[in-house]
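*Asks:* This is the structure I have questions about; it appears just below.
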Amino acid sequence: MSPEIAIGSRVRKSAFYEATIAHGVKQFSVYNHMYMPTSYGDPLAEYEALTKNVAIWDVGCERQVEISGPNAIELVEYISTRGMRSCKEGRSRYTPICDHQGVLINDPIMLCIGFDRYWVSIADGDLLLWIQAINEEKKLNCSVFEPDVSPLAVQGPMADQTMADLLGEWVRGIPFFGFVETNLDDIPFVICRSGWSGQGGFELFLTDQSKGLELWERVWKSGEPYGIHPGTPNAVERIESDLLSYRTDCGASASPLELGLGRFMDLEREDDFIGKQALLLEKSQGSKRKLVKITLSGEPLSSPTEEPWPAFDDSDNRIGEIRVVAWSPAMQANLGLALISSDKAGSDFYALSVGDKNYRATHLSFFGEK
Ligand code: THG
């Protein structure tokens, strides 16, 4: 028997947990102290639905940290490597967050609800504690808490049609990373044109967790004519689309410059922010490593990479590690991400899997520069 995950009260259930069980979820991971679906048992069907039709994902584990009060923008600006002052109400930005050493500690989307109210839509990490501590130490008097907000992702080429049928044609006009507060009868949510895929679509930020099953079923019904399928944040489509998985791709000790996130930061801005000095220094001296996209020789790899694989150049020098590999139906190849020492990044290399199998890695691109 393969290992299972224990379900218990220490780890939280998402607002859509019941719906995922009803739709046959087969595997969970844990993300922000919450069960996160990672498979419905047929990766190819999930990939096809995402890239050709429409997919519905429980991403309720993408928790929000709400920052509100007159100084909210001061706090947001101080924790963000990306400038947020020019972000308008009803718009959001993908924003790397670093510690004082310039190490990436989270990469949330920041939603500007008003200049006195933000939602930080976090990746896996206890950012709530970090922001609460900084708020206290800087005496900014914001209120910083986890609100009752649960995102549900609707992704794929038929996502617009699915949501237009459900809510009205107006949803087609929502710009990328723009959002609007709305409701379906008594189900309240915020609809945002966002999501962790390159296929387009929306995220519905449900603001009453007791309505999770209802919202899921309403979306499901609307998507049925368009081949809606339950899915999860997709292990390979997101690599094809250059979307970072914090920790998977970088562990907990990489800088956003190593990870190709430079275009999402404003290091030269006047305001002080956490990590600024370290990042400016790294930028002037060059980063030690680079995250690169590679293809790998061999049979399709069906199981996820449990551990990083050591990477070697052709003279057998250790040059870094492969962080993740997944089979790409679009490229008909094993696609991977590797953190490689800067002087070697850009060349081909080889790697040893956990079972000591030898794989040839061919360089495709630097992550974030496809
Ligand atoms: N949705 C929500 N919250 C999240 C995620 C999400 N929090 C954690 C995690 N995912 C954050 N990771 C990303 C990474 C990239 C993008 C979104 C979330 C993304 N990037 C675009 C790009 O790279 O082109 C655009 C970024 C921009 O222009 O600002 O979409 O999925 N709610």
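The values are calculated or read from the model by the stated rules, or taken from the named source; none is laboratory data. If you're wondering where the values come from, they're calculated on a predicted model, not measured in any experiment. For neighbour counting, all protein chains shown are included, and Cβ atoms are generated from backbone atoms with ideal geometry for every residue, glycine included.
*Asks:* Could you tell me whether the stretch 232-241 includes any residue that is within 15 Å of the ligand (Cβ to nearest atom) and either among the hydroxyl-bearing types (Ser, Thr, Tyr) or on the phi > 0 side of the Ramachandran plot (or both)?
*Replies:* The answer is yes, given that some residue of the stretch 232-241 is within 15 Å of the ligand (Cβ to nearest atom) and either among the hydroxyl-bearing types (Ser, Thr, Tyr) or on the phi > 0 side of the Ramachandran plot (or both).
*Asks:* Out of all the residues in the stretch 192-221, which are acidic (Asp, Glu), more than 10 Å from the ligand (Cβ to nearest atom) and either more than 23 Å from Glu89 (Cβ to Cβ) or under 21 Å from the mean Cα position of the chain (by Cα) (or both)?
*Replies:* Result: Glu214, Glu217.
*Asks:* Suppose we keep only residues that are surrounded by fewer than 22 Cβ atoms within 10 Å (Cβ to Cβ) and among the aromatic types (Phe, Trp, Tyr) within the stretch 205-243. Which one would you say is nearest to Val154 (Cα to Cα)?
*Replies:* Of everything passing the filter in the stretch 205-243, Trp220 is nearest to Val154 (Cα to Cα).
*Asks:* Now a separate question. Where the second residue is of a type in the set (Lys, Arg) and within 11 Å of the ligand (Cβ to nearest atom) and the first is free of Cβ contacts under 8 Å to residues at least 60 places away in the same chain and outside any helix (DSSP H, G or I) and lies in the stretch 236-254, which pairs have Cβ atoms under 6 Å and are six or more apart or on separate chains?
*Replies:* none
*Asks:* How many residues are in a loop (DSSP other than H, G, I, E, B), at negative phi and buried (at least 16 other Cβ atoms within 10 Å of the Cβ) when one looks only at the stretch 270-288?
*Replies:* Number of matching residues: 3.
*Asks:* To continue, here is another question. Which condition number does Ala252 fail, the rest of (1) under 21 Å from Cys98 (Cα atoms); (2) under 25 Å from the mean Cα position of the chain (by Cα); (3) modelled with pLDDT of 95 or more; (4) among the aliphatic types (A, V, I, L, M) being met?
*Replies:* Exception for Ala252: condition (3).
*Asks:* Hey, another quick one. For Phe189, state whether it is near the ligand (Cβ under 10 Å from one of its atoms) and within 21 Å of Trp119 (Cα to Cα).
*Replies:* In short, no.
*Asks:* Something else about it: Which of the residues that make up the stretch 123-149 are within 22 Å of Thr207 (Cα to Cα) and either in a loop (DSSP other than H, G, I, E, B) or among the aromatic types (Phe, Trp, Tyr) (or both)?
*Replies:* Ala123, Asp124, Gly125, Asp126, Cys142, Phe145, Glu146, Pro147, Asp148, Val149
*Asks:* Could you list all residues from the stretch 82-111 that are within 10 Å of the ligand (Cβ to nearest atom) and of a type in the set (S, T, N, Q)?
*Replies:* Matches in the stretch 82-111: Ser92, Thr95, Asn106.
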